[in-house]
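Reading through the structure tokens given below for one structure.
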Amino acid sequence: MARILVVEDDPAICACLEGDLRLEGYDVELQSDGVAASARIKEAAFDLIILDVMLPGKDGFEVCREARRCGGKVPVLMLTARSEVADKVIGLETGADDY
């Protein structure tokens, strides 16, 4: 079963994502802040990371940057309300696979 880490601080969004992904047969783990997410990415293997940008503790850009610095090759999808071109460029430059 594929493992997905969802990093999102909005409980309603987390609940929706978790429910939909579990219905599709995925094993889902939730983290609500950047510091905890960074630590978890170093501890466990995931098949996909869905990552918000605006997080408490450490933003999603930094979480993604750290995951890539550690040699992680897991696909990262940035899921965020920030839709400016500059934000998309930063997200992709930090190592996200899609924004």
Quiz item: Quick one: would you say E24 is closer than 16 Å to A2 by Cβ and open to solvent by 70 Å² or more (accessible area, probe 1.4 Å)?
Solution: yes
Exercise. Within region 32-53, track down each residue that is surrounded by 14 or more Cβ atoms within 10 Å (Cβ to Cβ) and part of a loop (DSSP other than H, G, I, E, B).
Key: S32, D33, F46, D52, V53
Practice problem: Read through the list (1) part of a helix (DSSP H, G or I); (2) closer than 21 Å to G91 by Cβ, then give the number of the only condition that R22 fails. | Solution: (2)
Quiz item: What number of residues in region 36-49 are under 11 Å from V7 (Cα atoms) and more than 12 Å from the chain's Cα centre (by Cα)?
Solution: 0
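Yes or no, residue by residue, for (1) farther than 27 Å from M1 by Cβ; (2) outside any helix (DSSP H, G or I); (3) within 11 Å of the chain's Cα centre (by Cα); (4) free of Cβ contacts under 8 Å to residues at least 24 places away in the same chain:
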position	(1), (2), (3), (4)
V28	no, yes, no, no
L55	no, yes, yes, no
V63	no, no, yes, no
E66	no, no, no, no
G71	no, yes, no, yes
A81	yes, yes, no, no
V89	yes, no, no, yes
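The values are calculated or read from the model by the stated rules, or taken from the named source; none is laboratory data. Not measured: the values here are computed from a predicted model. No Cβ is skipped: glycine too gets one built from the backbone with ideal geometry, and neighbour counts run over all protein chains shown. Heads up: the accessible areas ignore ligands, DNA and RNA and are worked out on the full protein's heavy atoms, side chains in. Shrake-Rupley method; radii C 1.70, N 1.55, O 1.52, S 1.80 Å.
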